[in-house]
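Quick notes on the structure that follows.
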Amino acid sequence: MTGFANVTDLELAGGPVRLYAAGSEEREPVLLLHGAMLDTVELLWHRVLPALASTHRVYAIDLPKHGGSRPWHRTVDQELCELIVDQLLDHLGIERVSLVGHSMGGGISLGFSLHHPERVARAVFSAPGGIGARRPAQLATWLALRTPGLLSASSRYLANSATVIRRSMVRGLAAGAATEDFDRIVELARAEAQAKARHREKALDDWQILAYGPFGMRLDYLPELGRLAVPSLWLRGSDDALVGDREVRQAAAAAPGGRSAVVSGAGHLLPLDRPVEFHRLIAEFLAEGQP
């Protein structure tokens, strides 16, 4: 993929993890963590990473059951993802890293920052999962997630439905089909859908499924944010239909040293909807922590 100087396949926490890297090794390190479902490093970060690599040493991983990080035959929960990040930093010889996590990757980054503050210099949580006590249609969603065979059937359906994937990306991106690199984004999403079906994975991530309880979210870091010990930036698109404005503002207010920003005209996929503005906000925040 363009923009990455190196692509390496590692074994971490007992499974395969694909690592991408770019930028001078003399610069401050940043680790990017992507979102759920059809997301991968190549899909989400293809615009942001090259820009960020001009000032930082940038690392990004395909999370388990995504992209090149296959096969995994165990449940990929928050604990496992945090272990992977911890072992990755050990492998790279990095004591402290700045984290940039989007959606599910934001929730993983948040948990890691709470549990391993000594390893995190600064953290950016972009439309993060893992905040908020309840979601719309909580019980109905929980029941659907536990309907036998539904998520596996959904995975197979997506793998054979190029039109459905294209339509979902049109709806999911602020500019729809006018988004820069739109055809490439759709191509990568379809390839990921086919990989999920080929490896007999569910349409949703284990992390997403486990986060849901019948009457409330099982994964909600909001009550713990008072002890977040790293400077944090909380980002949300103004038109995000998945992550609420109130939750993001509450999180930023609860986190010592936290601040929030709204990216105008962006939906849930900020790095794709507004890559220039997304990079600017991140770069300015990270620069504050440099000597």
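A short reminder: the numbers here are calculations on the coordinates, not readings from a lab. Every value quoted in this text rests on a predicted model; they were computed, and no experiment measured them. Note that each Cβ is placed from the backbone with ideal geometry, even for glycine, and that neighbours are counted across all protein chains shown.
Structural remarks
- Look at the range 157-168: where a residue is within 10 Å of V186 (Cβ to Cβ) and a partner is aliphatic (A, V, I, L, M) and surrounded by 17 or more Cβ atoms within 10 Å (Cβ to Cβ), sitting 6+ places away or on another chain with Cβ atoms under 7 Å, you get I165/L158; I165/V186; I165/A189; I165/A193; R166/V186.
- Applying the set (1) closer than 18 Å to E224 by Cα; (2) in contact with a helix residue (DSSP H, G or I) (Cβ under 7 Å, 6 or more places away or on another chain); (3) free of Cβ contacts under 8 Å to residues at least 60 places away in the same chain to E118 leaves exactly one unmet item: (2).
- In the range 68-80 there is at least one residue that is closer than 21 Å to A127 by Cβ and touching a Pro at 6+ places or on another chain (Cβ under 8 Å).
- Residues of the range 232-272 that are crowded, with 22+ Cβ neighbours inside 10 Å and either in a helix (DSSP H, G or I) or of a type in the set (D, E, K, R) (or both): R236, D240, V248, A251, L270, P271, L272.
- Residue in the range 248-265 that is in contact with a helix residue (DSSP H, G or I) (Cβ under 8 Å, 6 or more places away or on another chain) and at positive phi present: yes
- Residue check, R171 within 21 Å of the chain's Cα centre (by Cα), part of a helix (DSSP H, G or I) and basic (K, R): yes
- Checked against the criterion of being free of Cβ contacts under 8 Å to residues at least 12 places away in the same chain, of a type in the set (G, A, S) and farther than 29 Å from E82 by Cα, the candidates G176, G149 yield just one match: G176.
- Residue count for the range 201-216 satisfying the condition of being among the aromatic types (F, W, Y) and surrounded by fewer than 18 Cβ atoms within 10 Å (Cβ to Cβ): 1.
- Matching residues in the range 189-200 - criterion: being within 19 Å of the chain's Cα centre (by Cα), hydrophobic (A, V, I, L, M, F, W, C) and either surrounded by fewer than 21 Cβ atoms within 10 Å (Cβ to Cβ) or more than 14 Å from L44 (Cα to Cα) (or both): A191, A193, A195
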